[in-house]
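Each remark here refers to the structure printed beneath this line.
Bear in mind that the values in this text are calculations on the coordinates, not laboratory data. Every value quoted in this text rests on a predicted model; they were computed, and no experiment measured them. FYI the Cβ positions are ideal-geometry reconstructions off the backbone, even for glycines, and counts take in every protein chain you see.
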Amino acid sequence: MTPLGPYASFIVTSYALVAAVIAVLIGWVMVDYRRQKARLHDLEASGVTRRSGRSAAKIS
Amino acid sequence: MIALSALVRRDVRVALRVGGGALIGVLFFLTVVVLMPFAVGPDLALLKQLGPAILWLGALLASLLTLDRLFMADHEDGSLDVILMSRTPLELACAAKALAHWLAVGLPLIIATPVLGLLLNLDGAATGAVALTLFVGTPALTFTGMIGAALAVTLRRGGLLLAVLVLPLSIPVLIFGVAASQAAISGPLPFGTPFSILCALSLASLVIGPFAAAMSLRQGLD
Amino acid sequence: MKLTGRGLRCERGQREVFSGLDFMVAAGEAVAVTGPNGAGKTSLLRLTAGLLALAGGSIALEGGEPDLTLPEQAHYLGHRDALKPALSVSENLSFWQDFLGGDAAETSHALSVVGLDHVAHLPAAVLSAGQRRRLSVARLLAVKRPVWLLDEPTSALDTEGQNTFAAIMTGHLAGGGLILAATHAPLDVAARELRMGAVG
Amino acid sequence: MTLTDLANPSRFLSLATRILPWLAAATALLLAIGLYLSATAPDDYQQGATVKIMFIHVPNAWLSMFVWGVMSVAALGTLVWRHPLADVAQKTAAPIGAAFTFLALVTGSLWGRPMWGTYWQWDARLTSVLILFLMYLGLMALWRAVDDPSRAARAAAVLTLVGAINIPIIKFSVDWWNTLHQPASVFRMGGSTLDRAFLIPLLVMAVGFTLLFLTLHIAAMRNEILRRRVRTLQMLQASKPRAAA
């Protein structure tokens, strides 16, 4: 690792920002997945199915 | 009190959920500000000088042009009838609706101001001054614009007619808002004078706006 | 409690819709306003609800709360459902109930009476026209008002919905409420008829 | 596996679930190598260590255009074949593309700060990216404004394609506007002048970020398909009077 020189803070900030935004994206995708799964599960538990004899949980 | 807070909460919720009504205001603000340098050139010194004026114009257009559906939407789905018949005075209901609109549209504009200040090469103090004057001035814009929004229901027309009616009414706010921000940045006037006039304008519109809007809505019954 | 209108005159856009109209509704009574299109049924209801300005005559409610106006003691159920599609079914109802000053405990009861309790958490956007109508009927149950002004209340309702609504109206009348309803179809409760003709 | 198999949403779901872990692992590996290479890369003789910002700025700027390309292809899928999966691909790419464009803007301004003395210059490249960012936001607003997904998809597809045609025109106009005024540009990266010592880490990072986008996109598409399924079921539940009560 070479020393970062007088502008180290800019370099670190930009890498940190990119990491943060990507972390938010990953978090959003994962949380969203869990939420949709939970909703599907709830709906199926209350007896609604998309097509007869085929549950959405089986598909994914 | 419960009635008014329920109305504020409903309107904010609808604004944030449907079509990003609130976020489109910010996006419009951003677009107007970004357009300016293409017209005047990318000279940072010039942009710095024009900055407060550009930000104020952008915020003014963004908060007034998003207003035209304020009462129209409630009129179209019949909610306005129920609001008119309720035990809550119509003036207060109008004020609550305007407050909700300011929370959903005006406040995000103020939050976006620092980012846009960066684009226009404003330093921290100048951005702060513009944000502060917007914080005090945008309620005045919303509450005067509300009169136009109520007239839109009476006239059954919205859009540009509303802008033509309301924009002249907002000129005093624009004058003292920009004057106060300029005073904070470069002088020579003291910041306090135009700023206190701006505060006075805001307070006056908080009173006049709801009464005028309620009067207009009652006249527009049908 | 008695709702009376005397010598009512209504004008819409400089055209006289009706004049010299008298009506009376007593507590526990339903009056069905009938007549051809354009006779002014909706106008009469909106005049009573204070949503139109009277061109002549007077409407009064005797025996109600003395410091409240007639519109403040009335429910108006118009063609438009006063619902926000972006809000859920229960959010829509509890907003009106907070805004109009109803009892918070009534919300879920009102929803189950109109048969919408299983969709309470869904956005109102997914409701059918009949279900939207049921939801606005729930508003009448969630907030107590003695006077009900109903404009074509059963349009868009299926048979089962109409039966439910008839039961709701019967309950309201039994509790001493009064109903003024504009309708083409016969109301499913005992009602006096107020016939409005184009000839006046 | 043929294209028609892929186009079936249920098939897509099972395929996505199978390949997502592998794709995520490949992304992580490439990004780790890329980060190591850019950390050990030498300083530029002019810009010093700030050249390291290039290794994340350029991939993000590349993605900001690549994602619009992906959306344009999906838009064709929507308009020509009217396929729902193309709608889903279009819709989910927009926020991810907007995020990468935002990162390109922010890293660009952080890179320029030491040279310019301000965080923002109306530099030709950065300004074009800013306009692209506005277009992404507009597209997202359009998706939110229309309730019916398939109608929104057609409107968004038209806007995406118009945007794709317009981007070069905008780029040309902004360049022309900018040469009238000539602020100093730090973004000099003509392919041949770039040293091999920079090129290899840059390429690795660019491929890593592209894989990252693909991973996120496929995962987001899976979520969107599930979301639509939930909506359909909700409608079904609403239309069944009291059956479930």
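Before moving on, here are some points about what is shown:
- Segment C:2-195 - Kirkwood radius from inverse mean 1/r over Cα pairs (Å): 17.2
- Alpha-carbon centroids, segment B:73-121 and segment D:40-66: separation in whole Å: 44
- The dipole here belongs to segment B:2-219: it is taken about the Cα centre, uses +1 on the Cβ of Lys and Arg and -1 on the Cβ of Asp and Glu, and is about 320 debye.
- For segment B:1-61 and segment C:63-140, distance of Cα centres in Å: 34
- Averaged over peptide C:188-196, the number of partner chain Cβ atoms lying within 10 Å of each residue's Cβ comes to 0.
- Taking the average, over residues, of other Cβ atoms within 10 Å as the packing measure, peptides B:200-208, C:137-145, A:17-25, B:55-63 rank B:55-63, C:137-145, B:200-208, A:17-25 from highest down.
- A helix-only calculation puts chain D at -27500 deg cm²/dmol for mean residue ellipticity at 222 nm, using -39500 (n - 2.57) for each DSSP H run of at least four residues, averaged over all residues.
- Among the DSSP helices (H) of chain C, none spans at least 27 angstrom by Cα along its long axis with an average Kyte-Doolittle hydropathy of 0.5 or more; this is a geometric and hydropathy rule only.
- Rounded if a/c under 1.5, otherwise prolate or oblate - segment B:119-177, Cα gyration tensor axes: prolate
- Ellipticity estimate at 222 nm from DSSP helix runs (n ≥ 4, -39,500 (n - 2.57)) divided over chain B, nearest 500: -26500 deg cm²/dmol
- Averaging the sequence gap over all C-alpha pairs within less than 8 Å and six or more residues apart, then dividing by the number of residues, gives segment B:171-222 a relative contact order of 30 percent.
- Protection proxy ranking, peptides D:33-39, B:81-87, average beta carbon neighbours within 10 Å, highest first: B:81-87, D:33-39
- More than 25 angstrom apart: percent of Cα pairs within chain D: 51
- Global geometry of segment C:24-69, whether rounded, prolate or oblate, following the gyration tensor of its Cα atoms and the 1.5 cut on a/c: oblate
- Fraction of the pair-distance distribution of segment C:94-196 above 17 Å, Cα-Cα pairs, percent: 53
- GNM result for chain B, Cα springs below 10 Å: residue of B:Val178, B:Val130, B:Val32 fluctuating most strongly: B:Val32
- Percentage of interatomic Cα-Cα distances in segment B:48-121 larger than 17 Å: 55
- A Förster radius of 60 Å, combined with the Cβ-Cβ distance separating C:Ser58 from B:Ile111, puts the computed FRET efficiency at roughly 0.70.
- Of all DSSP-defined beta bridges confined to the protein assembly as shown, some 50% are antiparallel rather than parallel.
- Beta-bridge orientation, segment C:2-195: approximately 45 percent antiparallel, per DSSP, counting only bridges with both partners inside.
- Kirkwood Rh and Cα Rg combined as Rg over Rh, evaluated for the protein assembly as shown: 1.04
- Mean projection area, nm², convex hull over Cα of chain B: 12.0
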